[in-house]
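Following: one structure in structure tokens, then a few remarks.
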Amino acid sequence: MAIDIEPDSSGQAELEALIGMAGRYVVPTDDLRPRVLEAAHERYLQRKTVGKLACAMIAATLCVMTGVSLSSRLQTYADSTSMPRGERLERMVIERGTESRQGPHWALAEIITDWKGELATRLPGADSDDRTALTARAADASRSVGKILKKD
Amino acid sequence: MDDSLDFSQRVRGCAQRISESGPAALGGLYDLTAVRLVRYSVTITRNQHDAEDAVQATLVRVADSPRTLDRAEQPWAYLLRMVRNESLVILRRKRRWTSLLSLSDLLTRRGVDEVEHEETYREIWTALRTLPTEQSEVVVLKIWEAMTFAQIADVLDVAPATAASRYRYALDKLARKLGPLPEVAQQRSEVGHGD
């Protein structure tokens with residue numbers, strides 16, 4: 001849509017010409033240019049710093065989350081694979097001895113056998129045959145321990 | 001090609017250079033547009049210091065995201081709109097009590113051959129300051145930026161007919177305020193002698 005006003009008189013054209021000339025009368029101050037460039041540069045550095053900080057925070061958060069998750073899994077794994085000790089072991093020996101009506105030595109040997117068998121099943125990469133073999137070897141070993149204990 | 005379209009392409013070129021080289025290339029856009037942006041902003045803020053703050057804020061924004069200006073359909077009109085918005089924000093924030101008849105805040109420049117015109121320029125700037133902002137900015141965009149009413153309407157977000165009528169009112173008021181300026185009288189007398 002083109003709407004333009006034709007100068008309706010020579011007076012209006014002269015007035016427009018004079019206003020046009022007055023447009024060059026006002027200029028920016030000399031310090032505006034360095035001020036603008038410095039402000040833009042500062043803003044750029046500020047954005048860069050904020051970006052770096054954001055990246056560092058994301059990286060730190062990921063590290064903490066990974067660490068917490070890993071340590072919790074390791075703790076669970078360590079708990080489940082460690083040999084029962086102390087009061088827990090004593091309780092297990094008494095329970096096993098009572099259940100199977102055996103002496104504490106034999107109950108202890110059986111507990112060790114079970115634990116080793118369970119460990120064998122958890123070995124990464126071990127197929128079911130390997131696990132069975134390992135469980136059998138653990139059972140043999142515990143029987144030997146039992147015999148030694150009975151002799152004593 | 002239309003002057004303002006050509007100028008728009010140059011503004012787009014500057015925005016592209018800022019996109020490629022970062023804020024170090026802002027000097028090019030400043031050199032191309034600062035004088036025009038400041039004088040436009042002065043007509044809104046009526047104070048040179050505030051106008052320069054508005055221009056600075058605008059150009060820093062452009063340096064921050066030059067692609068916005070580069071992708072604009074009319075980069076020059078877009079830049080003027082940005083300055084206008086910043087000027088209005090500053091105007092709202094700092095309500096200054098300035099005398100409309102004083103030009104003491106303005107930094108002026110006159111060439112050696114323009115000394116005799118200085119009084120006329122001062123009268124014109126003073127008269128412009130007495131106009132309502134919506135009228136004075138149309139005069140600035142029409143005469144100093146050589147924009148069509150359609151382009152002015154785009155900058156001001158009004159209908160082209162509204163821009164045209166504001167311009168007509170503004171010129172009527174300016175003609176009454178300025179009266180027979182010495183230079184106009186001189187030009188008329190020259191025309192009279194020519195006859």
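Quick notes on this one:
- Across peptide B:54-61, the average count of Cβ atoms from other chains found within 10 Å of a residue's Cβ is 4.
- Net charge, B:Val138 excluded, C-beta distance under 11 Å - Lys, Arg +1, Asp, Glu -1: 0
- Zone residues, region B:64-86, relative to A:Arg47, backbone N less than 13 Å from point 7 Å out along Cα-to-Cβ: B:64-70
- By the beta-carbon count within 10 Å of each Cβ, the least crowded to most crowded order of B:Phe7, B:Phe149, fewest first, is B:Phe7, B:Phe149.
- With a cut-off of 11 Å between beta carbons, the residues surrounding B:Tyr78 carry a summed charge of +1, where Lys and Arg count +1 and Asp and Glu -1.
- Net dipole in debye of region B:1-94 [+1 Lys, Arg Cβ; -1 Asp, Glu Cβ; about Cα centre; nearest 20]: 340 debye
- Label-point separation, B:Ala161 to A:Val68 (7 Å along Cα→Cβ), nm: 6.6 nm
- For the segment B:38-47, counting C-beta atoms of other chains within 10 Å of every residue's C-beta and taking the mean gives 2.
- Spin-label zone in region B:53-75 - amide nitrogen under 13 Å from a point set 7 Å from the Cα of B:Asn85 along the C-beta vector: B:58-59, B:61-62, B:65, B:68-69, B:72
- Neighbourhood charge, 13 Å Cβ-Cβ cut-off, centred on A:Met83 and excluding it, Lys, Arg +1 and Asp, Glu -1: 0
- Taking other Cβ atoms within 10 Å as a rough exposure proxy, A:Ile19, A:Ile112, A:Ile94 sort from fewest to most as A:Ile94, A:Ile112, A:Ile19.
- Per-pair calculated FRET efficiency, R0 = 51 Å: A:Ala59 and A:Asp31 via Cβ, rounded to 0.05: 0.80
- The mean number of Cβ atoms from other chains found within 10 Å of a Cβ in peptide A:43-50 is 2, as a whole number.
Read-outs throughout are calculated quantities, based only on the coordinates presented, and are distinct from any laboratory measurement. In this text, all values refer to a predicted model and were calculated from it rather than measured experimentally. Glycine also receives a Cβ, built like all others from the backbone with ideal geometry; neighbour counts cover every protein chain displayed.
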